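Q: Below are the structure tokens for one structure; questions will follow.
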Amino acid sequence: MGETVQVEIERKYDVDGQASLPRLNGVGGVAQVRYRPPMALEAIYFDTAARDLSANNVTLRRRTGGTDAGWHVKIGKGERRLELHSPLGKDDAADVSAGPVTVSVPARILDLVQVHVRGKQLVPIARLNTLRSVVDLLDGQGRRLAEVSDDQVAAMAVGFRAESRVQHWREWEVEVVDAGLVAASAGGTDAFLDAVGQVLQPAGARPSGVGSKVEKVVGKAVDPLDPRVPLAGTGTTEDHDGGAPAVRGVLAATVRAQLKILKGWDPLVRRDVEDSVHQFRVACRTLRSLLQTYAPLLEADATDAAIRDLRKLGKLLSVARDAEVVRDQVQEKVAALPGGSQGAIAGMIPGKTVKRLRGVKAERYEAAHAQQVKRMRSSWYFEVLDRLDAFALTLPLNPELTEGDTAAAAMVPLATAQVDSVLALAAAVGSEQDQARRIDLMHEVRKEAKRLRYAVKAVQDATGLDLGAELVARMKTAKKLQEALGEHRDSVMFQEHVLATSEVAARKGEDTFGYGVLFAAEFAVQSRTEATAERLVEKLAHRHTDGVDAAADGASEA
């Protein structure tokens, strides 16, 4: 098995040594159970001396034995974690179950955690030996829904004073194997896990208070950038009424939450997981939108420096993302022709045309992605992350900020000013006669609408701050405007790609009729999205929230 990326969905329970695993037939769609022979697992866990991985809810281990021997990187906490698995290589497959721990983390694994490690040395922190018995939970067709692991654990810290003390415990883990099957049989993974838990707990299982086995051995490190951790130099993150501390606390929590999201996408970008480049770019733009929209509340020099760093990060991602968008549009555009991909019009487009259109952008994406990852492995990238961390630790406010305003009172006028920026640019689009300039201005309207959306929604998501129904309604309209103009922008980019590729094909003596069909089809897309955008701009300019509008927008957003 090669490298894999999956979402791990599980619940852990502590149990006493004499507890017996109850029968689970009939629970949550389980039709039968299958017992596997016990297996011995050996694992070594790694972290930096400062526990940077633990602080960021990342677990790194090397496991031997069982069906998933290899290197495991787990990201996140709670019942759902992202797990990246890589088989043991030729150079790291040796048995290290006895004697001093000398194994080191290979470069391909280290790369996945560099966003947190940034050149620091990874060292062993714990060794665990587990005797595992697994019960497969199957549906009526013999397909695996989930598995229950009964683990007898012996663990020892490495490199700590407690190294000589061995800890013993027993635990049960319920892990969903196929979320789709579970959803069909039990109505969802939460309902399934609840049903199984209701059977396990009377048998002596207690929900575990820790997120991973290694936490029981060496504890959980505190993340200095956790939104709940006090701001440097203040001793508090309280969002209370009465002046600057409230503003600072809300902004700090929002910035920190987005910075954690950005870092979470880093290893997936490095492994080229689908949509990861896009999501990393969204996190960069959301952070930048926050700082730009609320800049008057923040110290100018530090904020400008952070915005410059975020702009450079976004630019680093732009070439690969643009190529990815156009590459993925090719088949969609053919399918969108009247009659669909099997219709008469699509039949006029030679397969070679489709292949060339997709191939050019696929090659461009691969080259841009490789260059992007190369930069992400450089000292420049680590220095940018260091500076963003330092900014989020303190979040310096504008020294002239007037005390007495609540966070909402200080932030709502600035977000509302962003609405005005969208409308001003939209007015410029309406009066522009030059088509090329008009297209550029529509792109600017899209970016301003996106900035409004990100600046409002990120605060809501991170803090739950009430920014008022009027502003939230306008944010939702801005989202629809952004989406309409995004479709318009993608159409223009696709046309440009079709035109450029057709010129190459013509020079090679190929049939170019199919390129013309695809090029012409985009004018209808652009006309439709421009009309939609005009209606949304009108709605944004004359927004007056009432109960009906708010309810309608709420349903649309859901």
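The values are calculated or read from the model by the stated rules, or taken from the named source; none is laboratory data. Just so it is clear, the model here is predicted, and its values are computed rather than measured. Here the Cβ is made from the backbone with ideal geometry for all residues, glycine too, and neighbour counts use every protein chain on show. Please note that ligands, DNA and RNA were not included when accessible areas were found on the heavy atoms of the full protein model with its side chains. Shrake-Rupley method; radii C 1.70, N 1.55, O 1.52, S 1.80 Å.
Q: So what is the calculated 222 nm ellipticity per residue for the chain, using -39500 (n - 2.57) for each DSSP H run with n of 4 or more, over all residues, to the nearest 500 deg cm²/dmol? It would help to have the intermediate numbers written out before the result.
A: Numbers: 15 runs with 297 residues, N = 558.
Result for the chain, helices only: -18500 deg cm²/dmol.
Q: Here's another thing I want to ask about it. Mind pulling up the Rg/Rh value for the stretch 2-156? Radius of gyration and Kirkwood radius, both on Cα.
A: Working: Rg = 17.1 Å, Rh = 17.2 Å.
Value, to two decimals: 0.99.
Q: Which one of Met411, Val384, Gln371 is farthest out on the positive end of the charge dipole of the stretch 323-422, using unit charges on Cβ (Lys, Arg +1; Asp, Glu -1) and the Cα centre as origin?
A: The residue sitting farthest along the positive end of the dipole is Gln371.
Q: Related question: Once the Cα atoms of helix 276-293 and of the chain are each reduced to a long axis, what angle between those two axes, in degrees from 0 to 90 to the nearest 10, is obtained?
A: It works out to around 70 degrees.
Q: Filter the trypsin sites (Lys or Arg not before Pro) in the stretch 150-232 down to the DSSP loop ones having no more than 16 other Cβ atoms within 10 Å, then list what survives. Kindly include the intermediate steps, with their values, before the conclusion.
A: On the way: sites: Arg161, Arg165, Arg170, Lys213, Lys216, Lys220, Arg228; in loops: Arg165, Lys220, Arg228.
Loop-located and lightly packed - Arg165, Lys220, Arg228.
Q: So what's the angle, to the nearest 10 degrees on a 0 to 90 scale, between helix 469-507 and the longest Cα principal axis of the chain?
A: On a 0 to 90 degree scale, this one is about 80.
Q: Probe of 1.4 angstrom, ligands and nucleic acids ignored: what's the accessible area per residue over the chain, in square angstrom?
A: Values: 25350 Å² over 558 residues.
Normalised by residue count, the accessible surface of the chain is 45 Å².
Q: What nm distance separates the two modelled labels at Asp466 and His278, each placed 7 Å from Cα along Cα→Cβ?
A: My value for the distance between the label points is 3.6 nm.
Q: First measure r as the distance between the Cβ atoms of Ala436 and Arg535, then evaluate 1/(1 + (r/R0)^6) with R0 = 22 Å and state the FRET efficiency to the nearest 0.05.
A: On the way: r = 24 Å, r/R0 = 1.09.
After rounding to 0.05, the efficiency reads 0.40.
Q: Residues with beta-carbon under 15 Å from that of Val504, excluding Val504: net charge, scoring Lys, Arg +1 and Asp, Glu -1?
A: Numbers: positive: Lys352, Lys355, Arg356, Arg358, Lys361, Arg364, Arg507, Lys508; negative: Glu363, Glu496, Glu503, Glu510, Asp511.
With Lys, Arg at +1 and Asp, Glu at -1, the neighbours total +3.
Q: While we're here: Leaving ligands, DNA and RNA out of it, report the carbon-plus-sulfur percent of the accessible area of the stretch 140-207 at a 1.4 Å probe. Before the final figure, lay out the partial values.
A: Numbers: 1570 of 3240 Å².
That share works out to 49 percent.
Q: Just want to confirm a number: the relative contact order over the chain, from Cα pairs under 8 angstrom separated by 6+ residues, in percent.
A: Numbers: 840 pairs, mean separation 71.8, N = 558.
Contact order relative to length: 13 percent.
Q: Would you work out what percent of the accessible area of the stretch 452-518, with all protein chains in place, is carbon or sulfur (probe 1.4 Å)? Working shown, then result.
A: Numbers: 1260 of 2630 Å².
Accessible surface attributable to carbon and sulfur in the stretch 452-518 totals 48 percent.
Q: Calculate one ³J(HN,Hα) per residue across the stretch 33-46 by plugging θ = phi - 60° into the Karplus curve 6.51 cos²θ - 1.76 cosθ + 1.60, and present them in order as whole Hz with x for glycine and proline.
A: Karplus-based 3J(HN,Hα) across the stretch 33-46 equals 10, 9, 9, 9, x, x, 9, 9, 10, 10, 9, 10, 9, 10 Hz.
Q: If you don't mind, there's one more thing I want to ask. Compute the helix-to-body angle for 300-335: its Cα long axis versus the longest principal axis of the chain, expressed 0 to 90° and rounded to tens.
A: Long axis of 300-335 versus the principal axis of the chain: about 80 degrees.
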